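Participant: Please read through the structure below; I'll follow up with questions.
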Amino acid sequence: MKILYVIRKREKRHWSKRLQRWMTGFTDGQDGFFEASLHYGCDVTRRTFRETSEMSIDTLRKFDAIVVNAKSGFPWQNAKEACGLLQTWSRPSALFIGQARPTEMAPDGVADGFDVIFKREPFADLGRYDLSNANRAKLVTTLLSNQLLNMSWRFKNRNTSFPLPKYGYQFEKTHDVYFSGKLGPNRFDNRVAAWEKVTAELGNLRLKGGLASNGQVDVPAHLKGELMEKPEYLKTLLTTKVNLALSGIGPFTHRHLELFYAGAFALSNNDIEPLWLRAPVVKGQDYAAFDTEDEMIDMIRYYIAHDAEREAIAKNGRACFERLYDVPAHSLELRDALQKVIR
């Protein structure tokens, strides 16, 4: 199957970084799992939106389908422009919405023009989207990437297995509670409130981490923490009893995947259950979750004191990762969705 993939807009990235990405084929940020899966199952040609717009009809006809990244510059919020382009291209088409918020969705008029819509972590209840039943039927779930892994669309064998020599549930613990997160323009007040509560009420425990600014907001001095390089960060996840996975722009974050990957215990906000993930992620089995900061404090104390229960959940989380983050399996899901609409 020959696919034209309209890639994410990256003009602001330095030329040396773009060249390095092209040579290694490392997948980009949040889109990495989707891109690795698409390349694994299909013969993919990568082009920018501008390059695609300049292609002749004869060139476009060489492809079985076009997959458009919503961050490519394609006008995916404008029905008239989007559908006009799709009619000009005259190929089976799919939209990939890699935005973190489950609420973000193409307008119904835009969805009319696409044959498939790949959406990262959508709501399981598709009735929450202002779409026709026909357009809801086009939705296929996909997943964000684990940024501890360097997957490659050029070297596909990097994407089939992700073991670690030793997992979090097998390590001796040197810290009781860890959280590290950035604050940006959206502020993420839940992160400030949670870490404020931890430092105020659990100061007798072995705490590590804190909040870091992206340069646009101020972090109170007593809540500050330093960001780590990946090796030290992973070691910290592995050697901490309770790792906090707090909501960011979206409810399911890189931190959740990183903790599952590490076989480390994850304590999360209770807002994952409404999501449609590509494999089951079960509260109380694969991770623990709280509704309020008071409940968070109680659960931290409980799981620090109950090693066997905490380690069982961490072990289940690693098994969950292996089901959830399966590139060959997801490549078949993407390919099957596209195959159904290729005429």
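Participant: Could you check, for the stretch 121-138, whether at least one of its residues is open to solvent by 10 Å² or more (accessible area, probe 1.4 Å), of a type outside the set (Phe, Trp, Tyr), closer than 23 Å to PRO251 by Cβ and under 19 Å from the mean Cα position of the chain (by Cα)?
Facilitator: For the stretch 121-138, residues open to solvent by 10 Å² or more (accessible area, probe 1.4 Å), of a type outside the set (Phe, Trp, Tyr), closer than 23 Å to PRO251 by Cβ and under 19 Å from the mean Cα position of the chain (by Cα): present.
Participant: Residues of the stretch 241-273 being under 14 Å from LEU324 (Cβ atoms), in contact with a helix residue (DSSP H, G or I) (Cβ under 9 Å, 6 or more places away or on another chain) and of a type in the set (Val, Ile, Thr), which ones?
Facilitator: Correct list: ILE272 only.
Participant: Could you pull out the residue among TYR302, TYR325, TYR287 that is touching a His at 6+ places or on another chain (Cβ under 9 Å) and on the phi < 0 side of the Ramachandran plot?
Facilitator: Working: TYR302 fails: touching a His at 6+ places or on another chain (Cβ under 9 Å); TYR325 fails: touching a His at 6+ places or on another chain (Cβ under 9 Å).
None of the others qualify; the one that does is TYR287.
Participant: Can you pull out every residue in the stretch 206-226 that is on the phi > 0 side of the Ramachandran plot and in a loop (DSSP other than H, G, I, E, B)? Even if it seems obvious, please write down each step before you answer.
Facilitator: Within the stretch 206-226, the first condition is being on the phi > 0 side of the Ramachandran plot, and the residues that meet it are 209-210, 215.
If the condition is that a residue be on the phi > 0 side of the Ramachandran plot and in a loop (DSSP other than H, G, I, E, B), then GLY215 is the only one that fits.
Participant: Let me ask you something else. Hey, does the stretch 294-315 have a residue that's among the basic types (Lys, Arg) and in a strand (DSSP E or B)?
Facilitator: Applying the first criterion (among the basic types (Lys, Arg)) to the stretch 294-315 yields 301, 310, 315.
From what is left, the residues that are in a strand (DSSP E or B) are none.
Within the stretch 294-315, none of the residues are among the basic types (Lys, Arg) and in a strand (DSSP E or B).
Participant: How many residues does the stretch 266-310 hold that are of a type outside the set (Gly, Ala, Ser), over 18 Å from the mean Cα position of the chain (by Cα) and crowded, with 20+ Cβ neighbours inside 10 Å? It would help to see each step written out before you state the result.
Facilitator: We begin by selecting, within the stretch 266-310, every residue of a type outside the set (Gly, Ala, Ser); these are 267, 269-278, 280-283, 285-287, 290-304, 306-307, 309-310.
Narrowing the set further to residues that are over 18 Å from the mean Cα position of the chain (by Cα) leaves 283, 285, 290-304, 306-307, 309-310.
The next check asks that each one be crowded, with 20+ Cβ neighbours inside 10 Å; those that pass are 296, 300, 303, 310.
Number satisfying all stated conditions: 4.
Participant: Let me ask something else. Read through the list (1) under 16 Å from MET105 (Cα atoms); (2) assigned to a loop (DSSP other than H, G, I, E, B), then give the number of the only condition that PHE63 fails.
Facilitator: (1)
Participant: Could you tell me which residue of the stretch 323-343 is farthest from GLN170 (Cα to Cα), considering only residues that are surrounded by 14 or more Cβ atoms within 10 Å (Cβ to Cβ) and free of Cβ contacts under 8 Å to residues at least 60 places away in the same chain?
Facilitator: Taking the candidates together, the pick is ALA329.
Participant: Hey, could you check the stretch 153-198 for residues that are more than 30 Å from PRO220 (Cβ to Cβ) and of a type in the set (Lys, Arg) and say which is most open to solvent (accessible area, probe 1.4 Å)? Outline the logic, then answer.
Facilitator: Start the filter on the stretch 153-198 by keeping residues that are more than 30 Å from PRO220 (Cβ to Cβ), which leaves 153-167, 169-172.
Then drop every residue that is not of a type in the set (Lys, Arg), which leaves 154, 156, 158, 166.
Working: ARG154: 86, LYS156: 79, ARG158: 107, LYS166: 89 Å².
Here the answer is ARG158.
Participant: Please indicate, with yes or no, whether at least one residue in the stretch 27-35 is of a type in the set (Gly, Ala, Ser) and modelled with pLDDT under 95. Explain how you work it out, then say what you get.
Facilitator: Keep residues of the stretch 27-35 that are of a type in the set (Gly, Ala, Ser), which gives 29, 32.
The next check asks that each one be modelled with pLDDT under 95; those that pass are 29, 32.
Yes - at least one qualifying residue is present in the stretch 27-35.
Participant: Another question about this same structure. Since LEU237 meets every condition but one in (1) open to solvent by 10 Å² or more (accessible area, probe 1.4 Å); (2) farther than 23 Å from ASP125 by Cα; (3) not β-branched (Val, Ile, Thr), which condition does it not meet?
Facilitator: (1)
Participant: Okay, next question. Which residues, counting only those in the stretch 77-107, are assigned to a helix (DSSP H, G or I) and open to solvent by 50 Å² or more (accessible area, probe 1.4 Å)? Don't jump to the end; show me each part of the working.
Facilitator: Going through the stretch 77-107, the residues assigned to a helix (DSSP H, G or I) turn out to be 79-89.
Hits for the stretch 77-107 are LYS80, GLU81, GLN87, THR88.
Participant: Out of ILE272, ILE249, report the one residue that is outside any helix (DSSP H, G or I) and without any contact (Cβ under 8 Å) to a residue 60 or more places away in the chain. Quick ask: steps written out before the conclusion?
Facilitator: Working: ILE249 fails: without any contact (Cβ under 8 Å) to a residue 60 or more places away in the chain.
Step by step, each of ILE272, ILE249 is checked, and only ILE272 is outside any helix (DSSP H, G or I) and without any contact (Cβ under 8 Å) to a residue 60 or more places away in the chain.
Participant: Quick one: count up the residues across the stretch 119-173 that are in a loop (DSSP other than H, G, I, E, B) and not charged (D, E, K, R). So that I can check it myself, show each step before the final result.
Facilitator: From the stretch 119-173, those in a loop (DSSP other than H, G, I, E, B) are 121-122, 124-125, 129-132, 137-138, 143-151, 153-155, 160-167, 171-173; that's our starting set.
From what's left, not charged (D, E, K, R): 122, 124, 129, 131-132, 137, 143-151, 153, 155, 160-165, 167, 171.
Within the stretch 119-173, residues that are in a loop (DSSP other than H, G, I, E, B) and not charged (D, E, K, R) number 25.
The values are calculated or read from the model by the stated rules, or taken from the named source; none is laboratory data. Only a predicted model underlies this, so the values are computations on that prediction, with no experimental measurement involved. Every residue, glycine among them, receives a Cβ derived from its backbone with ideal geometry; neighbour counts consider all protein chains shown. These area figures cover heavy atoms from the full protein model, side chains too; ligands, DNA and RNA do not enter into them. Shrake-Rupley method; radii C 1.70, N 1.55, O 1.52, S 1.80 Å.
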